[in-house]
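Single-structure report; data block below.
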Amino acid sequence: MTIDEIIGFAGSLDGVLTLRPAPGDGSPEISWGDTFFYHSPDGTVPTAAQPFATIVTKDYPGEVSWRLDRPGAFRVNIAAGREEFARRTGRTPQEPAAGDEDHGVADTVMAHPVHGSAGWVAVVNPGPRTDGTLRELLRHAHGLARARHERRRAR
């Protein structure tokens, strides 16, 4: 899957706001080139909600290396939730990861080493092995974000 295919798929889900920071839009330079997906039926960036998925094109300072400095490398991060996280990784978000994980391996669903405890998974350079799974995870994360949005509106 390419970045554009992922953006097209996630952006086609109901009520999704796709944010693509770029020079001159007031966003921090570190975020330029990355993509953030929010459930936002009114089309504004939510102030009280995190994105349900992101695409990053570079290693961020302070995180483990995903080796995103390779040509064409990128990572999709998805707020899968605790149950889906456990289903996809074989462990709960609270369980520590094995210390020998290779975070740069492509086309593999893995726990996000920084945000895994919150139920986030990641895939570097999704391909044929993770295409269907990635779409399922994006739909699921979108559904969780939509449900949170609806609960907040009902208050």
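Worth pointing out:
- Within region 13-65, restricting attention to residues that are of a type in the set (F, W, Y) and in contact with a strand residue (DSSP E or B) (Cβ under 8 Å, 6 or more places away or on another chain), the residue that is nearest to G81 (Cα to Cα) is F52.
- Considered as a group, the residues in region 116-150 that are outside any helix (DSSP H, G or I) and out of contact with any strand residue (DSSP E or B) (no Cβ under 7 Å at 6 or more places or on another chain) include one that is most open to solvent (accessible area, probe 1.4 Å), and that residue is R129.
- R148 within 21 Å of S12 (Cβ to Cβ) and modelled with pLDDT under 95: yes
- Check on E95, over 22 Å from R148 (Cα atoms) and in a helix (DSSP H, G or I): no
- Candidates F52, F36, F9, filtered to the one that is out of contact with any helix residue (DSSP H, G or I) (no Cβ under 8 Å at 6 or more places or on another chain) and among the hydrophobic types (A, V, I, L, M, F, W, C): F36
- Count of region 1-43 residues which are open to solvent by 40 Å² or more (accessible area, probe 1.4 Å), in contact (Cβ under 8 Å) with a residue 40 or more places away in the chain and either farther than 22 Å from G132 by Cα or touching a Leu at 6+ places or on another chain (Cβ under 7 Å) (or both): 1
- Where a residue in region 97-121 is free of Cβ contacts under 8 Å to residues at least 12 places away in the same chain and over 18 Å from T2 (Cα atoms) and its partner, wherever it lies, is surrounded by fewer than 17 Cβ atoms within 10 Å (Cβ to Cβ) and of a type outside the set (A, V, I, L, M, F, W, C), with Cβ under 6 Å and at least six apart: none
- Count of residues meeting criterion [in contact (Cβ under 8 Å) with a residue 60 or more places away in the chain, open to solvent by less than 30 Å² (accessible area, probe 1.4 Å) and either in contact with a Pro (Cβ under 6 Å, 6 or more places away or on another chain) or aliphatic (A, V, I, L, M) (or both)] in region 44-58: 2
- When R88, R153 are checked against the criterion of being assigned to a helix (DSSP H, G or I), of a type in the set (D, E, K, R), within 21 Å of L19 (Cβ to Cβ) and open to solvent by 50 Å² or more (accessible area, probe 1.4 Å), R153 stands alone in meeting it.
- Each residue in region 5-53 was checked for being in a strand (DSSP E or B) and closer than 17 Å to W120 by Cα, and 6 of them qualify.
- The listed residue being part of a loop (DSSP other than H, G, I, E, B), at pLDDT below 90 and exposed (fewer than 13 other Cβ atoms within 10 Å of the Cβ), out of P71, P61, P113: P61
The values are calculated or read from the model by the stated rules, or taken from the named source; none is laboratory data. Please read these numbers as outputs of a predicted model, since none were measured by experiment. We place every Cβ from the backbone using ideal geometry, glycine too, and count neighbours over all the protein chains shown. These accessible areas exclude ligands, DNA and RNA; they are computed on the full protein's heavy atoms, side chains included. Shrake-Rupley method; radii C 1.70, N 1.55, O 1.52, S 1.80 Å.
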